[in-house]
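One structure below.
The values are calculated or read from the model by the stated rules, or taken from the named source; none is laboratory data. Nothing here was measured: the structure is a model prediction, and the numbers come from that model. Glycine gets a Cβ as well: all are built from the backbone with ideal geometry, and neighbour counts include every protein chain shown. Areas reflect the complete protein model, heavy atoms only, side chains present, ligands, DNA and RNA absent. Shrake-Rupley method; radii C 1.70, N 1.55, O 1.52, S 1.80 Å.
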Amino acid sequence: FKTLEIRSRKARERERGNRGTANCRGSTRRVLNSSGRFFPHSLKMKHWALFLLLAIGCYVWQIEAEFFTSIGQMTDLIYVEKDLVKSLKEYIKAEENKLTEIKSWAEKLDQLTHTSTSDPEGYLGHPVNAYKLMKRLNTDWLKLESLVLQQTSDVFIANLSIQRENFPTDEDESGAAKALLRLQDTYRLDSESISKGRLPGAQHEGTLSVEDCFELGKIAYSDSDYYHTVLWMQQTLKQLEEGEASPITQAEALDYLSYSVYQMGDIHRAVDLTKRLIAIDPTHVRAKTNLHYFKKSLEEEVKSDQTRDEEFYQSQSKKKVYMQPENYLTERDSYEALCRGEGIKMTTQRQRKLFCRYHNNNKHPRLIIAPLKEEDEWDSPHIVRYYEMLSDAEIGKIKELAKPVLARATVRDPKTGVLTVANYRVSKSAWLADDEDPVVSRVNQRIGDVTGLEMETAELLQVANYGVGGQYEPHFDFSRRPFDSNLETLGNRLATFLNYKEEPDAFRELGTGNRLATMLNYMSDVPAGGATVFPDFGAAIYPKKGTAIFWYNLFKSGEGDYRTRHAACPVLVGSKWVSNKWIHERGQEFKRPCGLTEVD
């Protein structure tokens, strides 16, 4: 059978050393012979097929949970499910063969007993018939009993048990559900569009049933996310009303919907929905209790509204009223708008400053004959894109090397400096050293050739694959310095500094200085979503397979360029693969010397 993925011998030995030896001991079972029947009562012969499955299962790569954080690793589950379907069909065929044989026995005996019961004494008067009756009851019926008791499901159950070790967990299901909700918010998708699979760039159909919509609502409800609970319970009701068959009832959906609407503050509608629920199910005890409570809350709300109206008019009469400007956007709002392609500040005046050129880095020997195509993506801070930075063959090799060792991407806690997983970074990553493969070494060398920077102090090549709704919310690549109270700030920059004033120097132990620059390689096209956005100055850069974008995180003075705060938008459709190289300060003293001012 097909397993998820078998590691190399060295990797498997390392896994066994880390995780301990798996228990591969199986139980004694019967086994099918070549004719499709089971060997009866064989105590000496163990079920070798089961033993083989279990033995191989000990070497199956035990992928960690959180499949939802990497589309690349989720593809393995497709083949797991295909294998299980094949095993299920074989089980069904064995059951059908078994039933066919039993049916044949039944039809033959039915005809025989019809004849024998018409004249029992006359029938048994024939010595052959008398002998065959003794034989049937003493021997043949015992064989039939053995046939009926045969467990044709053994192989299927064994395969399912082994594969279950690599199944997604509750965390995966919940994570994938929350990813759908995140995509719904970021790209402002209505529940109907998601349920019907109407997504931009989607090549395959994918629809949600009533049960699927109901489960999404329940997962949101379990997180006290009443907004999404309302959206998906409404969609559940809509599909039920359209006649979709489902074990889920309208009463179940209304139960969640009415309470969630109440929690959202719409008591009038909560009362109406609860009345509708009681009309469908008059015995619903909780609905009757809720209706009484909602009506009481509604009466109190009417009284409090009158009081609040008086207080509102009094507050409006005061001179100082603090209101956010109409065009005010939080960073998250700005980030999500850029992901949708809104609020991009690419003006005609700015476009005139952007050019394309052939780049050979001052006639670098390896770039003279084959210069790279360089395109300005933004003027200040300067962001450039290099075309044909990676070939398809190199991309394929890097994915091949990274896939077996992908692990949930982490972030550094700004308070403790400890690496940890975070809901705002949904992806899996792997780190590849030069000696992993000549392709890695060649790619790192090319980055050095193109940037003209020293690679000895750079970090390993990081490869990342984004999962369902995969994203990385706004962040800096460089380590922030302690807050300087004398620094003159404008706008919301002060809040940014204060947020990180206690962050330890993340790279002090490396002894290589801060992250000077970032080279981000796009290793796949993304049909929808997945842009790299810079909320501070309103730029959105879209993935193009084989290209790379480059920017400096620090000014020449070594001070951080806070404009480079960026984010990876949620992947709406497709699988996003990237690799990045973080280049550090040490070794660049003569390659990128200090400027005359702090912000050169």
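From the list 86, 108, 82, which one is within 30 Å of residue 470 (Cβ to Cβ) and in a helix (DSSP H, G or I)?
One residue alone meets the criteria, 82.
Checking the structure you have, find out if any residue of the stretch 348-359 is part of a loop (DSSP other than H, G, I, E, B) and within 38 Å of the chain's Cα centre (by Cα).
Within the stretch 348-359, one or more residues are part of a loop (DSSP other than H, G, I, E, B) and within 38 Å of the chain's Cα centre (by Cα).
Rundown of residues vs (1) of a type in the set (A, V, I, L, M, F, W, C); (2) surrounded by 11 or more Cβ atoms within 10 Å (Cβ to Cβ); (3) over 30 Å from residue 575 (Cα atoms); (4) under 60 Å from the mean Cα position of the chain (by Cα), yes/no style:
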residue	(1), (2), (3), (4)
87	no, yes, no, yes
100	no, no, yes, yes
122	no, no, yes, no
126	no, no, yes, no
141	yes, yes, yes, yes
147	yes, yes, yes, yes
150	no, yes, yes, yes
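Looking at the stretch 181-215, which of its residues are charged (D, E, K, R) and either in a helix (DSSP H, G or I) or touching a Leu at 6+ places or on another chain (Cβ under 6 Å) (or both)?
182, 185, 192, 211, 212, 215
From the list 512, 518, 532, pick out the single residue that is hydroxyl-bearing (Ser, Thr, Tyr), at pLDDT 90 or above, within 29 Å of the chain's Cα centre (by Cα) and more than 30 Å from residue 77 (Cβ to Cβ).
518
Here are 229, 249, 236: which of them is over 25 Å from residue 332 (Cβ atoms), of a type outside the set (A, V, I, L, M), open to solvent by less than 20 Å² (accessible area, probe 1.4 Å) and at pLDDT 95 or above?
So the residue among 229, 249, 236 that is over 25 Å from residue 332 (Cβ atoms), of a type outside the set (A, V, I, L, M), open to solvent by less than 20 Å² (accessible area, probe 1.4 Å) and at pLDDT 95 or above is 236.
Sort out which residues of the stretch 152-169 are open to solvent by 40 Å² or more (accessible area, probe 1.4 Å), in a loop (DSSP other than H, G, I, E, B) and of a type in the set (S, T, N, Q), and write them in order of number.
Listed by number, the list holds a single entry, 169.
Residues are listed down the side, and each one gets a yes or a no for (1) among the aliphatic types (A, V, I, L, M); (2) within 30 Å of residue 530 (Cα to Cα); (3) touching an Asp or Glu at 6+ places or on another chain (Cβ under 9 Å):
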| site | (1), (2), (3) |
| --- | --- |
| 72 | no, yes, no |
| 77 | yes, yes, no |
| 87 | no, no, no |
| 105 | no, no, yes |
| 108 | no, no, no |
| 114 | no, no, no |
| 120 | no, no, no |
| 123 | no, no, no |
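Need the failing condition index for residue 468 against (1) in contact with a Gly (Cβ under 8 Å, 6 or more places away or on another chain); (2) farther than 17 Å from residue 428 by Cα; (3) at pLDDT below 90; (4) of a type outside the set (Ser, Thr, Tyr), just the number.
With (1) in contact with a Gly (Cβ under 8 Å, 6 or more places away or on another chain); (2) farther than 17 Å from residue 428 by Cα; (3) at pLDDT below 90; (4) of a type outside the set (Ser, Thr, Tyr) applied to residue 468, the lone miss is (2).
Residues to consider are 277, 298; find the one that is touching a residue at least 24 places away in the same chain (Cβ under 8 Å), buried (at least 19 other Cβ atoms within 10 Å of the Cβ) and more than 30 Å from residue 179 (Cβ to Cβ).
277
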